[in-house]
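Have a look at the structure below, then the notes.
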Amino acid sequence: MKKKLLIPVLLSTMTLSMASRSQEVEPIYLGDDFTIEYDAEVNTNLVDSRADGTGINLDGSFVSMSVEWREKIRLVLTGKLEEVFQNNEVEFNEDFDLEKFISEAYIEIREVAGTPMAIIVGKQPIPFGQNVQAMPMFRNNPLVNLQEIDEVYGLTVDLTEGLLGLFDQVEISTFETEAGDLQIGKIDGMSIRMSKMLTEQWLLTASHAQLGNDHLGTGTEKRTSIGLIGESEDGSLVGWVEGVLFSNNPEYPNSKFAITVGGQYQIAESTAVVVEYNYVESELHEIGAGVKTELTRNLSVGAEVRYRNYVTEREDDVIFGITFTYRFGNTGYSENENYLFGAE
C-alpha cells in the first residue's frame, strides 16, 4: 500500500502543496456561493526539563473557522485555545485577552483579475523559511523564532507562476513587526519566499526578510533562509535541511548562523520516528529524537527527548516531552489516515 506523501504535511504555512481532503467529511454549504469550514486542535503537552522543571501546557492548541465565497474570497479567523484557560487548567481565564486569543484574522482573494495570484491581507503568518514541523513538540526547536513570523498585520501577494518560470511559487509580504495584538502598528517589515519543486520528491525554498523591530529599539534584523526537503517515492522516508543567516536577532544577538537537519521514517502505517539536529552559532547544539503514533481517527500521541548542549556557561539541559493531540473539523485536516484503534 502506497503511503501518503509527507512533504505537504510537514510544512506549516507553505501553500505550494495541500494535504488531501478526506472523503468522509464535508464543508457546510450555504446555497451555491458560500462554504463554511472549521478545524480545531487540542494539544495536551507534558514537558520535563532539567533546567525548568515539569509543567503541562496547551501550546499550539487552536480553533479556526473560514467562510469562502465561490472559491474566490475567503475570510479566516483563528484563536489560540491556551489563552482561554487559566494556567492551562480546565478553568476559564478571568483575564481573557481577545488580542492575545486571535492569532489570525485575514481575507484571502484568489485569482485576482483572472491571474494566478492571491492577495492576503490582515493578521496572518508571514511566509518565510521551510519550518518543517515533524518533531512531536516542534515548538521546542530552538530555531522556531528564526523560522517563523506570525501574528502580525500585513499584506501578502502570492504568485503561483513566478519569476519567468524559475520558481513554482513566489510570496511577497510587507508587515508590522510588533506581534500579538489587534492594532495595526508601523509597517516596518518585508519578506520574500520562493519555492521550487526540483522533482516530484525534492522541494527547494529560499527566503529573505528584513524586520525593522522599531518597537524593540534594537535596529533592523535581517534573515536569509535556504531549505531543502526530500522524500522517498513511497513517502516513508523524509529528510530536510534548513540554514538561516541572520543579524541583529533579539533572541540570539551574538549569533549569525543557525541550521536544522532532520529525518522521519514511517516504521508502520500509524507510527513514525523522527531525529533532528539543531545548531545556533555561539549558543547551542541540540539533538532530538521522537516517535508519533495515530491512535484513532482524531487522536494522536507523541513523545520526544532533546539533549541541549550550550556553548555558553549555561548548564546543559535534557528535555522530555509527551503530547496528546485531538483534532476535529470538516476539512479533512483533522482526520488521521491510518490509526491503531477503531479502524475498519
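The values are calculated or read from the model by the stated rules, or taken from the named source; none is laboratory data. What you are looking at is a predicted structure, and each value in this text was computed from that prediction instead of being measured. Here Cβ is always computed from backbone atoms with ideal geometry, including for glycine, and neighbour counts include all displayed protein chains. Only protein heavy atoms, including side chains, enter the accessible area calculation; ligands, DNA and RNA are left aside. Shrake-Rupley method; radii C 1.70, N 1.55, O 1.52, S 1.80 Å.
Within region 277-297, take every residue that is within 9 Å of Tyr339 (Cα to Cα) and not hydrophobic (A, V, I, L, M, F, W, C) and give me the one that is surrounded by the most Cβ atoms within 10 Å (Cβ to Cβ).
Looking at residues that are within 9 Å of Tyr339 (Cα to Cα) and not hydrophobic (A, V, I, L, M, F, W, C), I get Glu294.
Quick check on Arg74: is it among the basic types (Lys, Arg) and touching a Ser or Thr at 6+ places or on another chain (Cβ under 8 Å)?
yes
For region 115-126, state whether one or more residues are at pLDDT below 95, aliphatic (A, V, I, L, M), surrounded by 15 or more Cβ atoms within 10 Å (Cβ to Cβ) and assigned to a helix (DSSP H, G or I).
Scanning region 115-126 turns up no residue that is at pLDDT below 95, aliphatic (A, V, I, L, M), surrounded by 15 or more Cβ atoms within 10 Å (Cβ to Cβ) and assigned to a helix (DSSP H, G or I).
Which number in (1) out of contact with any His (no Cβ under 9 Å at 6 or more places or on another chain); (2) of a type in the set (D, E, K, R); (3) over 20 Å from Ser232 (Cα atoms) marks the one condition that Arg308 misses?
It is condition (1) that Arg308 fails.
Quick test for you: out of Phe328, Phe324, pick the one residue that is more than 30 Å from Arg50 (Cβ to Cβ) and either buried (at least 18 other Cβ atoms within 10 Å of the Cβ) or touching a strand residue (DSSP E or B) at 6+ places or on another chain (Cβ under 6 Å) (or both).
Phe328 is the lone residue from the list that is more than 30 Å from Arg50 (Cβ to Cβ) and either buried (at least 18 other Cβ atoms within 10 Å of the Cβ) or touching a strand residue (DSSP E or B) at 6+ places or on another chain (Cβ under 6 Å) (or both).
Residues of region 125-162 being farther than 30 Å from Ala51 by Cα, touching a residue at least 40 places away in the same chain (Cβ under 8 Å) and polar (S, T, N, Q), which ones?
Residue satisfying the conditions is Thr160 alone.
Would region 142-152 turn up any residue that is over 16 Å from the mean Cα position of the chain (by Cα) and assigned to a strand (DSSP E or B)?
Within region 142-152, not a single residue is over 16 Å from the mean Cα position of the chain (by Cα) and assigned to a strand (DSSP E or B).
For region 99-117, state whether one or more residues are among the basic types (Lys, Arg), in contact with a helix residue (DSSP H, G or I) (Cβ under 9 Å, 6 or more places away or on another chain) and touching a residue at least 24 places away in the same chain (Cβ under 8 Å).
Within region 99-117, one or more residues are among the basic types (Lys, Arg), in contact with a helix residue (DSSP H, G or I) (Cβ under 9 Å, 6 or more places away or on another chain) and touching a residue at least 24 places away in the same chain (Cβ under 8 Å).
Could you look through region 207-223, keep only residues that are under 19 Å from the mean Cα position of the chain (by Cα) and not aliphatic (A, V, I, L, M), and pick out the one that is most open to solvent (accessible area, probe 1.4 Å)?
His208
Going by what's in this entry, would Val274 be described as exposed (fewer than 15 other Cβ atoms within 10 Å of the Cβ), hydrophobic (A, V, I, L, M, F, W, C) and not in a loop (DSSP other than H, G, I, E, B)?
Judged against the criteria, Val274 is not a match.
Where residues in region 300-321 are surrounded by 19 or more Cβ atoms within 10 Å (Cβ to Cβ) and more than 19 Å from the chain's Cα centre (by Cα), which of them is nearest to Tyr265 (Cα to Cα)?
The residue in question is Arg306.
So, in region 29-60, exactly how many residues are open to solvent by 80 Å² or more (accessible area, probe 1.4 Å) and part of a strand (DSSP E or B)?
Final tally of qualifying residues: 6.
For region 159-189, which residues satisfy the criterion of being modelled with pLDDT of 95 or more, within 23 Å of Thr115 (Cα to Cα) and open to solvent by 10 Å² or more (accessible area, probe 1.4 Å)?
Ile172, Thr174
With the requirement that a residue be part of a loop (DSSP other than H, G, I, E, B) and touching a Ser or Thr at 6+ places or on another chain (Cβ under 6 Å), what does region 235-255 give you?
Pro250, Asn254, Ser255
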